[in-house]
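Report on the structure given below.
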Amino acid sequence: MKLTKKKEIDAVIGIECDCCKKEFLTEDIFEIQEFFHIKNTCGYGSIFGDGNYLEVDICQRCMKKIIETNCGNVESFIKESEVYE
Ligand SMILES: [Zn+2]
């Protein structure tokens with residue numbers, strides 16, 4: 001027989017963009033699914049510190065601005081998907 005007891009858990013209800021600080025609720029599926037979740041364990045020589053863990057959530061609009069500001073024309077980084085061919 002399974003032993004059970006009631007537990008409270010934290011459920012994710014949305015994501016806050018680490019750039020613009022806008023909150024997107026999980027119901028806003030089109031924005032949520034387009035978030036960029038960057039996670040990296042930093043290694044030796046990293047400017048973020050050896051062994052540190054970097055995690056950033058960026059909405060699609062902020063990512064577009066970051067690319068345009070720092071890399072140039074965002075269109076040159078967009079490739080057609082091969083998934084639907
Ligand atoms: Zn944003």
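For a quick check: with amide H placed at 1.01 Å from N, whose amide H comes under 5 Å from residue 46's, ignoring anything fewer than 5 positions away on the same chain?
For residue 46, whose amide H was placed from the backbone, there are no distant partners under 5 Å.
Could you give the distance between the Cα centres of the stretch 25-41 and the stretch 67-81, to the whole Å?
Here the two parts' Cα centres lie 19 Å apart.
With each label point set 7 Å from Cα along the Cα-Cβ vector, what nm distance links residue 29 and residue 70?
3.2
Given the Cα-Cα distance of residue 19 and residue 60 and 0.36 nm per residue of separation, how much length would full extension add, in nm?
Using 0.36 nm per residue and subtracting the Cα-Cα distance, I get 13.7 nm.
List the extent of the Cα atoms of the chain along each of their three principal axes, largest first, rounded to whole Å.
60, 39, 31
Mind counting lysine pairs for me in the chain? Cα separation below 25 Å, and the two need to be 8 or more apart along the chain or on different chains.
So the count works out to 11.
Readers should treat all values here as calculations from the given coordinates under stated rules, not as data from a laboratory. Small disclaimer: the values here were computed from a predicted structure and weren't measured. For neighbour counting, all protein chains shown are included, and Cβ atoms are generated from backbone atoms with ideal geometry for every residue, glycine included.
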